[in-house]
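The values are calculated or read from the model by the stated rules, or taken from the named source; none is laboratory data. Only a predicted model underlies this, so the values are computations on that prediction, with no experimental measurement involved. With ideal geometry, Cβ positions are generated from the backbone for all residues, glycine too; neighbour counts draw on all protein chains shown.
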Amino acid sequence: MGDTNEDFELYHIGGSVNVIRGTGAMVLQSNDYISLGTHSDGELMLKATKNGAVDLYHDNVVKLSTTSGGIIIDGVTNYNGLEVKGSGASRPMMQWSNANQGDLGAIYGTEGNALVICSGSSNAAAITIDSSQSVGIGTTNPGSLLHVAHSNGGTNATARIENTTGTVAANSVLLDLKFSGDDSFSNADYVKFQDYSGEEGKITGDGGSRVYYEINSDYRLKDNITSYSGGLNIIKALSVKKYNYKTSPGTNYTGFLAHEVAEVVDGVARGTKDAVNPDGTPNYQGIDLSKLVPELVSAIQELEARVKTLEG
């Protein structure tokens with residue numbers, strides 16, 4: 001069956017019915033709904049309802065449905081709600097954009113079976129999950145189970161763990177480092193500190209309820225080694241203070257002022273007196289009291305020598 005212009009045809013060939021519109025549009029209209037399905041068993045394939053959803057079916061079960069807010073994809077049967085296949089390596093498999101901001105991000109797979117989540121119009125890689133389930137944030141080549149990389153300068157932290165509770169409860173924990181499968185290990189590192197040239201220190205456990213806070217002190221790392229004395233004069237020159245912190249006016253402490261320590265001994269205080277950050281906030285000084293231990297040992301040795309001299 002066809003019209004005189006042969007731009008619409010309806011005919012039957014073998015087991016198929018063919019509908020052809022040669023030019024212009026083909027419009028199906030209904031005041032209720034339009035559906036496609038099989039005749040023999042009534043299995044639905046597509047149903048479009050007036051002022052309602054457009055549903056796509058698989059085996060008579062809705063798998064994709066439009067709503068007033070967007071699209072619902074249902075893959076409950078085998079948990080494969082949506083499968084997206086790209087046409088080549090490192091091509092965006094899914095991309096997000098809007099009219100005001102343009103491209104917002106994308107997800108794509110690589111030839112190495114990694115999944116990359118991108119952000120921004122440049123599709124710069126933000127998160128990478130490789131084939132071994134290692135996660136890289138800021139790097140596409142994670143070297144550990146979680147690898148966070150940050151190349152920006154300034155004072156912004158590479159990572160932050162934050163508890164925003166207004167009142168922190170007693171015994172709250174912000175970071176828990178645990179070897180949960182072994183209680184008798186030895187020389188295992190909880191934390192390691194490194195710079196470009198290598199390791200500088202670490203926090204180590206021995207499996208015997210002891211934790212060591214270590215800095216590198218191997219003789220093979222040192223040069224110009226000589227004996228030292230003079231610690232007694234250093235200790236005598238330090239001024240011990242009693243004080244409270246402004247944030248805790250009711251709690252008193254004894255200790256030192258960082259800038260005064262810096263005037264007496266090197267390598268104990270950090271920073272500069274009255275320093276400020278580029279944004280104008282204070283860049284506070286600090287001290288590492290463990291760095292005073294060599295001075296204390298030297299002072300004790302000098303006092304012992306004096307005692308021996310006095311004892312004759």
Going through the range 205-214 in order, the residues found to be modelled with pLDDT of 90 or more and either out of contact with any Ser or Thr (no Cβ under 7 Å at 6 or more places or on another chain) or of a type in the set (Val, Ile, Thr) (or both) are Tyr213
Which members of the range 156-173 meet the condition of being hydroxyl-bearing (Ser, Thr, Tyr) and at pLDDT 90 or above?
-> Thr164, Thr165, Thr167, Ser172
Starting from the range 15-38, take each residue that is among the acidic types (Asp, Glu) and list its partners that are modelled with pLDDT of 75 or more, counting only C-beta distances under 9 angstrom and pairs at least six apart or across chains.
-> Asp32/Thr49; Asp32/Lys50
Taking the residues in the range 217-274 that are more than 25 Å from Phe193 (Cα to Cα) and of a type in the set (Asp, Glu) as candidates, determine which candidate is surrounded by the most Cβ atoms within 10 Å (Cβ to Cβ).
-> Glu260
How about the range 275-290: which of its residues are surrounded by fewer than 10 Cβ atoms within 10 Å (Cβ to Cβ) and more than 15 Å from Thr155 (Cα to Cα)?
-> Gly286
Which numbered condition trips up Lys246, out of (1) touching a Phe, Trp or Tyr at 6+ places or on another chain (Cβ under 9 Å); (2) assigned by TED's automatic domain parsing to the domain that holds Val307?
-> (1)
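Name every residue in the range 273-294 that is farther than 24 Å from Ser229 by Cα and within 32 Å of the chain's Cα centre (by Cα), in order of residue number. Please lay out each step first, then the result.
In the first step, residues of the range 273-294 are kept if they are farther than 24 Å from Ser229 by Cα; the result is 273-286.
Hits for the range 273-294 are Ala275, Val276, Asn277, Pro278, Asp279, Gly280, Thr281, Pro282, Asn283, Tyr284, Gln285, Gly286.
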Qualifying residues in the range 120-155 (those that are surrounded by fewer than 12 Cβ atoms within 10 Å (Cβ to Cβ) and farther than 30 Å from Pro278 by Cα) - the one modelled with the lowest pLDDT = Ser131
